1. How many nm is it between the label spots at L21 and R168, if each spot is 7 Å from the Cα in line with the beta carbon?
2. Taking the Cα atoms of the stretch 1-105, report the difference between the largest and smallest coordinate on each principal axis, in whole Å and largest first.
3. Summing Lys, Arg as +1 and Asp, Glu as -1, what charge do residues with Cβ under 13 Å from the Cβ of F20 carry, F20 excluded?
4. How about K121: which lysines have a C-alpha closer than 17 Å to its C-alpha, ignoring those fewer than 8 places off in the same chain?
5. Remind me, relative contact order of the stretch 35-89 in percent, using alpha carbon pairs under 8 angstrom and six or more residues apart?
6. Could you run the Debye sum over the Cα atoms of the stretch 35-89, one equal point scatterer each and no solvent, and tell me log10 of I(q)/I(0) at q = 0.16, 0.22 Å⁻¹, two decimals?
7. Over the stretch 180-237, what per residue volume does the convex hull of the Cα atoms give, in whole Å³?
8. Between E224 and T266, 0.36 nm times their residue separation minus their Cα-Cα distance comes to what?
Amino acid sequence: MEIIIATLVVSLVLAALLGFLLGVFKKVFHVDVDPTQEAVRAALPGANCGACGFPGCDGLASAIALGEAPVNACPVGGPSVAAEVGKIMGVVASAETQVAVLLCQGTLDKCAPKARYNGIKTCKAAKLSVNGTKLCDWGCIGFGDCVAVCPFGAIHMAEDGLPHVDYRKCTGCGLCVAECPQRILTKVPTARKGAIALCSNRNPKKAQVIKDCKTGCIKCGKCEKVCPKSCIKVTDGVPIVDYAVCDSCNECVKNCPTKVLALVETTVKAV
């Protein structure tokens with residue numbers, strides 16, 4: 001019994017001593033936090049996804065407070081968070097909502113695999129080992145690295161072998177864009193209007209493109225010829241659109257023989 005009482009007394013004394021020391025250390029090593037930084041941190045969504053390029057929301061809040069990052073640096077928060085942070089910092093925030101778009105239509109029925117793949121089931125591994133699993137070296141590999149990295153559950157792999165974006169959930173954080181080894185995911189403003197090429201095949205040989213994928217860009221240049229604004233040009237094997245000029249006339253979309261082109265406003269379902 002005496003041992004138990006002695007143990008309790010010693011434990012209480014140690015606890016009191018440790019509590020006292022912690023209080024002293026807190027005062028000695030206290031670092032004043034900038035109230036502006038705290039206000040900015042409170043305004044951020046708290047996703048801690050790292051899409052802003054900083055180590056979580058705390059890192060971004062510190063950078064914004066120090067003037068090392070713009071007030072609209074959080075892609076997850078969007079315009080509303082940018083506006084709130086702008087008020088705290090005393091500046092007018094301009095931010096546009098963006099979402100991820102897949103620049104590939106090479107579904108399993110349109111783009112066949114090279115052979116049976118027995119390696120590690122990730123896009124990065126397949127890219128490094130055999131330069132992708134499909135006949136098109138530029139197409140979606142289909143193992144879902146983008147799905148795994150998305151912190152918002154906005155991408156899922158469908159039965160057609162391609163990742164599909166849920167625009168109700170996509171925040172435009174860009175993590176999937178950075179993760180894709182094929183570089184066929186891109187961020188597009190939801191307010192954008194005009195044509196977009198849903199193909200990344202840069203092979204200049206028309207016959208090979210047709211053999212590899214039924215919906216690949218064959219570099220025929222017809223989109224250039226029919227565009228009344230001359231705002232589309234096949235560059236490095238891919239149609240590039242000048243959105244400052246394009247007025248969504250749809251001529252290039254209607255005349256594309258392999259249906260590579262589509263209008264952004266019909267492809268991206270803004271919510």
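Each value in this text was obtained by applying a stated rule to the coordinates, not by laboratory testing. Please read these numbers as outputs of a predicted model, since none were measured by experiment. Note that we place each Cβ from the backbone using ideal geometry, even for glycine, and neighbour counts take in every protein chain shown.
1. The modelled label-to-label distance comes out at 5.5 nm.
2. Largest first, the stretch 1-105 extends 77, 41, 18 Å along its Cα principal axes.
3. On the way: positive: K26, K27; negative: none.
Every neighbour counted, the sum reads +2.
4. In chain and number order, the partners are K134.
5. On the way: 71 pairs, mean separation 20.3, N = 55.
About 37 percent, as a whole number.
6. -0.33, -0.67
7. For the stretch 180-237, the hull spanned by Cα atoms encloses 105 Å³ per residue.
8. On the way: separation 42, 0.36 × 42 = 15.12 nm, distance 2.09 nm.
In short, 13.0 nm is gained.
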